Structures are given as structure tokens and as C-alpha cells.
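Participant: Pasting in a structure now, in C-alpha cells, and then I'll have a few things to ask.
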Amino acid sequence: KRLAFSSDMNGVMTLDLATGKTISHQKEYAGSVMNLAWSPDGSRLVSTGDMAYSVRRWIVKSDKAVRLFDERASNPMHIAWTPDGQRIVSGHANGVVCFWTAASNKCDGFIQAHRSAVFSMALSPDGSRLATGGGILRIWDTQTGGLLTAFGLDEQILYTKIAWAGPDEQLIALETGLENPELTRVRIWNPGF
């Protein structure tokens with residue numbers, strides 16, 4: 001019923017697909033919005049690219065926004081809601097992952113997931129695990145922040161897109177070659193959970 005999108009430096013617009021009218025327009029971002037996500041109930045949006053390395057969250061109907069900021073995190077690159085809508089997960093350019101409690105707007109879960117950026121991330125369908133990608137894939141317990149497993153280390157590629165799929169919860173990963181385009185491929189991993 002609604003579509004949210006970003007057009008470079010014009011912020012984030014939300015349209016009613018039946019009428020084509022603008023429902024919400026968030027402006028004044030520090031840079032391009034790299035990622036945005038709907039809450040599970042479809043009432044709220046969250047996006048990267050806000051001022052001072054923060055994350056912006058807003059209620060679409062009222063366009064009322066708040067900023068989520070933690071001094072330990074740098075520029076957010078990826079963003080997602082947990083399936084219950086209680087938490088927001090953000091992956092940052094300095095390799096940090098923040099777990100934000102939506103009710104308090106606080107990063108009360110913090111992981112140094114990678115040495116450099118979190119180039120990709122995906123929550124498992126039940127929200128119990130978070131996969132992050134860089135030059136290696138890592139899977140984290142979302143309640144404790146503990147590392148469950150790591151695999152696929154390759155210094156010649158980056159995992160730029162990952163997703164959970166199927167009843168066996170396999171991990172689908174797009175591997176992008178750093179200097180050799182022939183190394184770019186899609187691989188399916190079975191983490192064994």
C-alpha cells in the first residue's frame with residue numbers, strides 16, 4: 001500500500017500507492033541514504049544517512065522523527081528491524097553493530113563485528129541470529145551478542161549482500177571480487193543450526 005524510497009540528497013519519501021500522494025517526507029540528511037527499513041507493523045521507518053553518524057526513526061503517519069546516536073558507532077551502512085519490532089539493528093562503517101531498543105532509542109547491545117566496515121547484514125527469520133559480512137561471514141546471537149560461528153574467510157572478496165533462505169535457514173551470500181571481477185559469485189552456505 002505504501003512505498004518508501006530515497007533519491008540521493010532529497011531525503012526519504014513515502015507514497016500512498018493507490019493515490020500517488022506523499023504521506024511522509026524526511027529531509028535534511030547528512031549524505032545519501034544507503035539503507036532504510038519498514039517496521040514489521042508498517043507504521044514506522046528507520047534509515048541510515050542522518051546527521052552526526054546517527055540513525056533516523058520516524059512514524060510515517062505523523063512524520064515525527066527521532067535520532068538514534070551512539071558515540072561508539074560511525075556512519076551507519078545497514079539497518080533492520082527485529083521481527084517483533086522491539087529492536088533495530090544497525091551495521092556501521094567502523095565494523096560496529098548496534099542493537100537499539102526502540103522504546104528507549106538506546107544502543108544497549110554493541111558488537112565489534114568486523115575490523116573494517118559491516119558490508120552486509122541479515123537477521124534470521126526468527127530474529128535470534130544476525131549474519132554480518134566483510135571478508136568473512138560471522139553469525140551472532142542477538143540476545144547475548146556472542147559469536148556463534150564464522151566462515152568463508154577470503155582476502156580477495158567481500159560479502160556485499162547476504163540473506164537467510166529456506167526452511168533450513170541457509171545463508172545466501174553475494175561475493176564481490178575486490179580486484180578481480182571473475183571472483184564475483186553467489187554462494188549458498190549451510191551454517192548448521
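Quick note: the coordinates plus some simple rules give every number you see, no bench work behind them. Here the structure is a predicted model, which is why all the values come from computation and not from measurement. Methodologically, a virtual Cβ is constructed for each residue, glycine included, from the backbone with ideal geometry; neighbour enumeration extends over all protein chains shown.
Participant: If you count, for each residue, the other Cβ atoms within 10 Å and average over each peptide, how do 49-55, 110-116 line up from highest to lowest?
Facilitator: Numbers: 49-55: 18.9, 110-116: 15.9.
So the order, starting with the most tightly packed, is 49-55, 110-116.
Participant: Okay, next question. For the range 111-193, compute Rg over Rh where Rg is the Cα radius of gyration and Rh is the Kirkwood radius from the inverse mean 1/r over Cα pairs.
Facilitator: On the way: Rg = 12.2 Å, Rh = 12.8 Å.
Here Rg/Rh amounts to 0.96.
Participant: May I ask for the distance between the Cα centers of the range 99-166 and the range 72-88, given as a whole number of Å?
Facilitator: 11
Participant: Label points 7 Å out from Cα along the Cβ direction at residue 170 and residue 84: separation in nm?
Facilitator: A separation of 3.0 nm, rounded to one decimal place.
Participant: So, one more: Residue farthest toward the positive end of the dipole of the range 18-65, with Cβ of Lys/Arg at +1 and Asp/Glu at -1: which of 62, 52, 30?
Facilitator: Going by the Cα projections, it comes out as 62.
Participant: A follow-up question, please. How far apart, in nm, are two points set 7 Å out from the Cα along the Cα-to-Cβ line at residue 28 and at residue 116?
Facilitator: Here the modelled spin labels are 3.5 nm apart.
Participant: Read phi for every residue in the range 167-181 and hand back ³J(HN,Hα) as whole Hz from Karplus 6.51 cos²θ - 1.76 cosθ + 1.60, θ = phi - 60°, with x for Gly and Pro.
Facilitator: Here the 3J(HN,Hα) series is x, 8, 6, 6, 10, 9, 10, 8, 9, 10, x, 6, 10, 10, x Hz.
Participant: Moving on. Report the one residue of 170, 117, 86 whose Cα lies farthest in the direction of the positive end of the charge dipole of the range 55-182 (charges on C-beta: Lys and Arg +1, Asp and Glu -1; origin at the Cα centre).
Facilitator: Looking along the dipole axis, the top candidate is 86.
Participant: Here's another thing I want to ask about it. Checking the table 1/64; 64/106; 1/106; 21/61; 21/161; 1/27 against a 24 Å threshold on Cα-Cα, which pairs fail? Intermediate values should be presented prior to the final figure.
Facilitator: Numbers: 1/64 20 Å; 64/106 18 Å; 1/106 30 Å; 21/61 13 Å; 21/161 32 Å; 1/27 22 Å.
Violating the 24 Å Cα-Cα cut-off are 1/106; 21/161.
Participant: To the nearest 0.05, what FRET efficiency results for residue 59 and residue 10 with a Förster distance of 30 Å applied to their C-beta separation?
Facilitator: On the way: r = 20 Å, r/R0 = 0.68.
Using R0 = 30 Å, I get an efficiency of 0.90.
Participant: By the scheme Lys and Arg +1, Asp and Glu -1, what is the net charge of all other residues having a beta-carbon under 11 Å from that of residue 130? Don't skip to the answer; put the middle values down first.
Facilitator: Values: positive: 87, 129, 138; negative: 141.
Combined, the nearby Lys, Arg, Asp and Glu give +2.
Participant: Take the Cβ-Cβ distance between residue 187 and residue 126 as r, set R0 to 22 Å, and report the resulting FRET efficiency rounded to the nearest 0.05. Mind dumping the intermediate values first?
Facilitator: Values: r = 23 Å, r/R0 = 1.05.
Taking R0 as 22 Å, the efficiency between residue 187 and residue 126 is 0.45.
Participant: Take the Cα radius of gyration of the range 1-123 and divide it by 2.2 N^0.38 Å, with N its residue count; two decimals is plenty. Don't skip to the answer; put the middle values down first.
Facilitator: Working: Rg = 13.8 Å, N = 123, 2.2 N^0.38 = 13.7 Å.
Scaled against compact globular proteins, the figure is 1.01.
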